[in-house]
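The values are calculated or read from the model by the stated rules, or taken from the named source; none is laboratory data. Computed from a prediction, not measured in an experiment: that's the story for all the values here. All Cβ positions, glycine included, derive from the backbone under ideal geometry; neighbour counts span all protein chains shown. Note: accessible area is taken over every heavy atom of the protein model, side chains too, but ligands, DNA and RNA are not part of it. Shrake-Rupley method; radii C 1.70, N 1.55, O 1.52, S 1.80 Å.
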Amino acid sequence: MPVNDDVFAALANPARREVLGILLDGPRAAGEIAERFDMRRPSLSEHLRVLREAGLVREERRGRNRVYSLDAAPLREVSDWLSPYEQYWRGKLGNLRDLLDEEDF
């Protein structure tokens with residue numbers, strides 16, 4: 001199954017990757033996430049919207065707060081997509097290691 005381009009677009013931004021890292025520890029209110037960044041709330045809201053639309057976070061309203069939690073399923077799809085490339089590079093690095101082991105320095 002191909003990975004949705006929205007997932008790659010969301011992951012391309014370092015602030016959004018940092019938000020995902022914060023959510024690894026569990027759900028967080030938007031205000032709590034915002035405290036970790038030196039940016040205005042509307043900017044963070046935009047990052048959260050992109051993550052939500054990519055399916056990487058879920059949003060739940062709790063009273064006046066919006067609480068965000070990680071949805072890692074799309075990351076599994078990215079991992080599955082990257083797997084053949086990882087195998088390719090592992091093979092290349094293994095070949096390089098073998099060549100260097102054969103060399104007499």
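Database remark: amide H of ASP71 closer than 5 angstrom to the amide H of VAL57, ARG58 (H placed geometrically; neighbours at sequence offset of 5 or more, or on other chains; Pro and chain starts carry no H). Between ALA29 and TYR68, the built amide H atoms are under 5 Å apart, and every one of these is 5 or more places off in sequence or on another chain. Largest mean-square fluctuation among ASN13, ASN65, ASN95, in a Gaussian network model of the chain whose springs join Cα atoms under 10 Å apart, belongs to ASN95.
What the Kirkwood sum gives for the chain is a hydrodynamic radius of 15.9 Å, with every pair of different alpha carbons counted.
Charge dipole (Cα centre; +1 on Lys/Arg Cβ, -1 on Asp/Glu Cβ; no other charges) of the chain amounts to roughly 1020 debye. Counting heavy atoms of the protein chains alone, PHE8 has an accessible area of about 80 Å² for a 1.4 Å probe.
Count charges around SER69 for me, please; just the other residues with Cβ under 9 Å from its Cβ, Lys/Arg as +1, Asp/Glu as -1. That works out to -1.
Take the alpha carbon gyration tensor of segment 48-105, find the square roots of its eigenvalues, order them as a ≥ b ≥ c, and report rounded if a/c is under 1.5; if not, report prolate when a/b exceeds b/c, else oblate. Cα axes put segment 48-105 in the prolate bin.
Net charge near LEU82, counting Lys/Arg +1 and Asp/Glu -1 over other residues with Cβ under 14 Å of its Cβ? Before the final figure, lay out each step's value.
Details: positive: ARG76, ARG90; negative: GLU77, ASP80, GLU86.
It works out to a net charge of -1.
Summing +1 for each Lys or Arg and -1 for each Asp or Glu, what net charge is found among the other residues whose Cβ lies under 13 Å from the Cβ of GLU18?
+1
Measuring only protein heavy atoms, the 1.4 Å probe finds LEU99 accessible over about 90 Å².
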